[in-house]
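K.L.:
The structure is given below, and queries will be raised subsequently.
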Amino acid sequence: MSVAKIIIQTLRRNIILTSGMAAVITAAIVTSLLPPLILERMINLLADGTGLSLLTVFSYFLTAALSGILDAFKEVLINAFGQKMTHAVRTGMTDKLRRLPASYFTDNDPGATASRIVGDVSTVDGLFTSGIISMAADLCRVISILYVVLSRNAGLFVLLTAVLPFIFLFTRRVQKRMLSSQLANREAASEVNQEIPETIACLRTVRILHGEAFMEKRYGTSIEKSFQAQRKTNFYDAVYSPVIVSVSALITGIIMAASAANEFFSMSAGTAAAMIAYVSGFFGPIDSIGMEIQNVQAAVAGVKRINAFLSEPEMDVPDDNPVPVTAAAELSHVTFSYTGEEREVLHDLSFSVMEGERITLAGRTGAGKSTLVKLIAGLYSPSSGNITVFGRNPVSLHDSERRSTIGYVEQSFHLIPGSVGEQVSLHDPEVSYDEIRRALETVGLLETVDSLPQGMDTPCTGDLFSQGHFQLLSIARATVKNPKLLLLDEITANLDYGTEAQVIKALNEASGNRTVISVSHRLAGTRTVYV
């Protein structure tokens, strides 16, 4: 993906706006050519002693007003078009962020990335609102004026076309200098943006080590680079307009002098007035082009940096035989309140958890996180709305398929009468001996259980294991049938640091490629859903 591709896609999606803008620009250029022609006729009529009709006078004012209205409408459409482009480019960059590997964020300062998404993208708006489109419109206006001048006075046409190479070479030189200055300014601004978050993160260290003077020098160097680059840009911008205005005045003087002294330039008084208006109209757009060059060069500098960002290598995603990703759990407008209570624990909650995804449920105490886990497990039915787990209503799951679909680990372990092995199997005859041993091995309890007097057949009592071992046993119970979805409800809330680390290690082993939904302040998922 590149800025050019994003622009092309946006053009295709906005055909009506693009076509309307082109039509208005064309109408504005054509209409701007009419007032001097009407003025020429009016002056010639007056010079011949013929009176002016109201229609002629009205036509002059009407075309002048219409030209102004179309110019204003043109600017409105150009601004709307520029905003569309800016939105598309910024959206493309944020989409790119999601596809970047973690190494990009460790190797690149966040300030530089923010500078590209905010500052550089803003220059793209200038590329269209006061840059390339306005420049194209001004060039079309210049060409149209040359055509009209040729039809009225060949000598003036030769004079204007003789000046054009000078104007082109001068404009090209200014263009190159401005581009160089804009690139330098962008780089300096990026350096400042990089140093700001670094300074904030190390503010305490800077104060302790009395590094204020060092940091001030670093900032000063970057700001000075930006100032020098901006000063060069301002210099070329300031020089360009006076040169164009001076050339315009010189051409106007030549027209007046030559029309009286040379047949090649001879013209009537009306034609002379029209040609002066056209010369003003000829150099006016060229003067504007000078300002537009600055905007275009700033945009080109920004586009180069944006393209560099868009060309960053992305995460490796296998393209061959892609496996479709489906929703493991999906909630649609779920509302829930306990029987006999008016207060809603959950209200109009909707979100999806894709297969293989790990998410963390977050929210204040009492927000309904544990209740939400029980709803997904099928222990409760929602008051309204729908919940599906792999396309099924979890409440309707048969006991024979529930444990192979959903594994649920609560905050505390619930002991049942029976042996250690039966704590895992829950007296389910479909759970084999090998499955129990595999589950115990996954959570790291197999050696501990084998060391018991009767191994897995040892009667399980409340004082047989520590709290952490019982929590490991609950993970083995939840995963013994290899469920596709694992629900975790604050399973580390009551554990000390050492035991917590052991449980988290066991949990990572047990999670595998499963979908995991957890309620925990210390277990981070790839995405957070706020309840």
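K.L.:
For THR365, indicate whether it is open to solvent by 30 Å² or more (accessible area, probe 1.4 Å) and within 35 Å of the chain's Cα centre (by Cα). Steps first, please.
P.N.:
Numbers: open to solvent by 30 Å² or more (accessible area, probe 1.4 Å): yes; within 35 Å of the chain's Cα centre (by Cα): yes.
Yes, satisfied.
K.L.:
A further question on this structure: Considering every residue within region 389-408, establish whether at least one is under 12 Å from PHE336 (Cα atoms) and of a type in the set (A, V, I, L, M, F, W, C).
P.N.:
No, because not a single residue in region 389-408 is under 12 Å from PHE336 (Cα atoms) and of a type in the set (A, V, I, L, M, F, W, C).
K.L.:
Is there any pair with a first residue in region 301-315 that is polar (S, T, N, Q) and a second that is part of a loop (DSSP other than H, G, I, E, B) whose Cβ atoms are under 6 Å apart and which are 6 or more apart or on different chains, and what are they?
P.N.:
ASN307/SER2
K.L.:
Can you find even one residue in region 25-43 that is free of Cβ contacts under 8 Å to residues at least 40 places away in the same chain, among the acidic types (Asp, Glu) and out of contact with any strand residue (DSSP E or B) (no Cβ under 7 Å at 6 or more places or on another chain)?
P.N.:
Checking region 25-43: not a single residue is free of Cβ contacts under 8 Å to residues at least 40 places away in the same chain, among the acidic types (Asp, Glu) and out of contact with any strand residue (DSSP E or B) (no Cβ under 7 Å at 6 or more places or on another chain).
K.L.:
If you scan region 322-340, which residues turn out to be modelled with pLDDT of 85 or more and part of a loop (DSSP other than H, G, I, E, B)?
P.N.:
SER337, TYR338
K.L.:
Output the helices (runs of 4 or more DSSP H) that fall wholly within region 75-138 and possess 1 or more residues being modelled with pLDDT of 75 or more and open to solvent by 40 Å² or more (accessible area, probe 1.4 Å), or say none.
P.N.:
In region 75-138, there are no helices (runs of 4 or more DSSP H) which contain 1 or more residues that are modelled with pLDDT of 75 or more and open to solvent by 40 Å² or more (accessible area, probe 1.4 Å).
K.L.:
Can you name the residue in region 172-189 that is of a type in the set (S, T, N, Q) and modelled with pLDDT under 70 and is also nearest to ASP120 (Cα to Cα) among such residues?
P.N.:
So the residue we want is GLN182.
K.L.:
What's the total number of residues in region 332-362 that are exposed (fewer than 12 other Cβ atoms within 10 Å of the Cβ) and closer than 19 Å to VAL519 by Cα?
P.N.:
1
K.L.:
Would you list the helices (runs of 4 or more DSSP H) that sit entirely within region 368-460 and hold 3 or more residues that are of a type outside the set (A, V, I, L, M, F, W, C), surrounded by 20 or more Cβ atoms within 10 Å (Cβ to Cβ) and modelled with pLDDT under 90?
P.N.:
Numbers: elements: 369-377, 399-405, 420-425, 433-442, 446-450.
Passing ranges: none, list empty.
The values are calculated or read from the model by the stated rules, or taken from the named source; none is laboratory data. None of the values given here were measured: they were computed from a predicted structure. Positions of Cβ are backbone-derived with ideal geometry, glycine not excepted, and every protein chain shown enters the neighbour counts. Please note that ligands, DNA and RNA were not included when accessible areas were found on the heavy atoms of the full protein model with its side chains. Shrake-Rupley method; radii C 1.70, N 1.55, O 1.52, S 1.80 Å.
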